[in-house]
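Quick note: the coordinates plus some simple rules give every number you see, no bench work behind them. If you're wondering where the values come from, they're calculated on a predicted model, not measured in any experiment. For neighbour counting, all protein chains shown are included, and Cβ atoms are generated from backbone atoms with ideal geometry for every residue, glycine included.
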Amino acid sequence: MPIKLIVTDLDGTLLNEEKLVSRANIEAFHIARKNGIAASIATGRMHLAAAFFGREIGAQVPVISCNGAMIRSIDTDEKIYEKYIDDDAAAEILAFLIKNNIYCSWYIGKNRFAPYFSWDMFSGYHTVKNFDLIEVGNNYKAYTKNVTQIVLRSSTDRLPAYIIRHLQEYFSGAVKLQQNTGYTIDVTPPDINKAVGLKYLADYLGIAKEDILVFGDGDNDIAMLEYAGISIATANAIPAAKKAASFITDDCNNDGVAKGISKVLSAAFPK
């Protein structure tokens, strides 16, 4: 099977626990590129992070962010595809979260918004250069149109169950809750996942799904793992992600992505 595109998740997959890309992982993508294979990112993070780590692995095609709701180019941030939460639903959700003192950030285009900035809420972003956001205070109502994703965040305590229950019950059909870590949860348009974004990117590039290799570890990677021709889960992946994958590689702290790429390329390009 000729591989033409490699797409990797970030946290728990390409990135180690220090939120860095290992030298071995970077080198593996370099070797893939020399064999004519393109690379991209598919993450629940915002476009800024997807583009930043995409550049680290030498990606030259657009990257997928916001769990599949956004695809933009790496260098010019050109919009390729976007899907939005209903404007009224976004406004109601933000009002509910802010009223209940739940910290949240949200994305409109390539811009990032939050009532205020706190590194405690973005501990995984210290390795992303030029990370910032627009602090809106209580003026959030001016920033509720064309929202691709809302993220609930807590730095210490788990997110209250009643908050999640309210979102699931009151906004059923209007949004989807993804990547629930207990301390963060992503709120996306209802018909969005990484497979949707990957299919759009593949069509845009003219690449068949059979010619795509993907890597992932979490619940928001499952649809993508099931979609691609070859899918690899890291050893630290959740059981459902491992079940959806073609095979398992090493964990994210031991160059799992590099080892997975090496295995696939060894089969595709035997010496």
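Using a Förster radius of 22 Å, what is the FRET efficiency between Lys145 and Tyr170 based on their Cβ-Cβ separation? Nearest 0.05, please.
Efficiency computed from Cβ-Cβ geometry: 0.60.
Compute the label zone of Glu92 within the stretch 147-162: residues whose backbone N is under 15 Å from the point 7 Å along Cα-to-Cβ.
Output list for this probe position: empty.
Can you give the helix-only mean residue ellipticity at 222 nm for the chain, where every DSSP H stretch with n ≥ 4 adds -39500 (n - 2.57) and the sum goes over all residues, rounded to the nearest 500 deg cm²/dmol?
When only DSSP H runs of four or more count, the value is -9000 deg cm²/dmol.
Which angle from 0 to 90°, rounded to the nearest 10, does the C-alpha axis of helix 161-170 make with the longest principal axis of the chain?
Roughly 90 degrees between the two axes.
Cut-off is 10 Å between beta-carbons; in what order do Cys252, Cys66 appear when sorted fewest neighbours first?
Taking fewest neighbouring Cβ atoms as first place, the list is Cys252, Cys66.
Do the alpha carbons of any pairs in Lys129/Lys209; Lys19/Lys263; Lys145/Lys209; Lys199/Lys242; Lys83/Lys259 sit beyond 28 Å of each other, and which pairs?
Going by Cα-Cα distance, Lys129/Lys209; Lys145/Lys209; Lys83/Lys259 fall outside the 28 Å limit.
Anyone know which of Ala161, Ala38, Ala69 comes out most mobile in the 10 Å Cα GNM of the chain?
Maximum among the listed residues: Ala161.
How are the Cα pair distances of the stretch 84-157 distributed, in percent, across 5 Å bins from 0?
Histogram of Cα-Cα distances, whole percents per bin: 3, 15, 29, 27, 16, 8, 2.
What percent does the relative contact order of the stretch 87-188 come to when contacts are Cα pairs within less than 8 Å and at least six residues apart?
29 percent
Multiply the residue gap between Tyr116 and Asn253 by 0.36 nm, knock off their C-alpha separation, and tell me the result in nm, one decimal place.
46.1 nm
Within 10 Å of each residue's Cβ, count the other Cβ atoms and sort Leu20, Leu94, Leu14 from fewest upward.
Leu20, Leu94, Leu14
Could you sort 237-250, 49-62 so that the peptide with the highest average Cβ count within 10 Å comes first and the rest follow in order?
Packing order, densest peptide first, comes out as 49-62, 237-250.
Okay, which of the stretch 186-204 sit inside 13 Å, backbone N to the point 7 Å along the Cα-Cβ direction of Ser246?
Residues passing the 13 Å test: none.
Work out, in µm²/s and without decimals, the Stokes-Einstein translational diffusion coefficient of the chain at 4 °C, 1.567 mPa s, Rh from Kirkwood over C-alpha pairs.
69 µm²/s
Which of Leu97, Leu177, Leu213 moves most in a GNM of the chain, Cα contacts under 10 Å?
Maximum among the listed residues: Leu97.
So between Asn130 and Lys19, what do we pick up on full extension, going 0.36 nm a residue minus the alpha carbon distance?
38.4 nm
Taking 0.36 nm per intervening residue step and subtracting the Cα-Cα distance, what contour gain separates Asn180 from Arg33 on full extension?
Result for the pair: 49.6 nm of gain on full extension.
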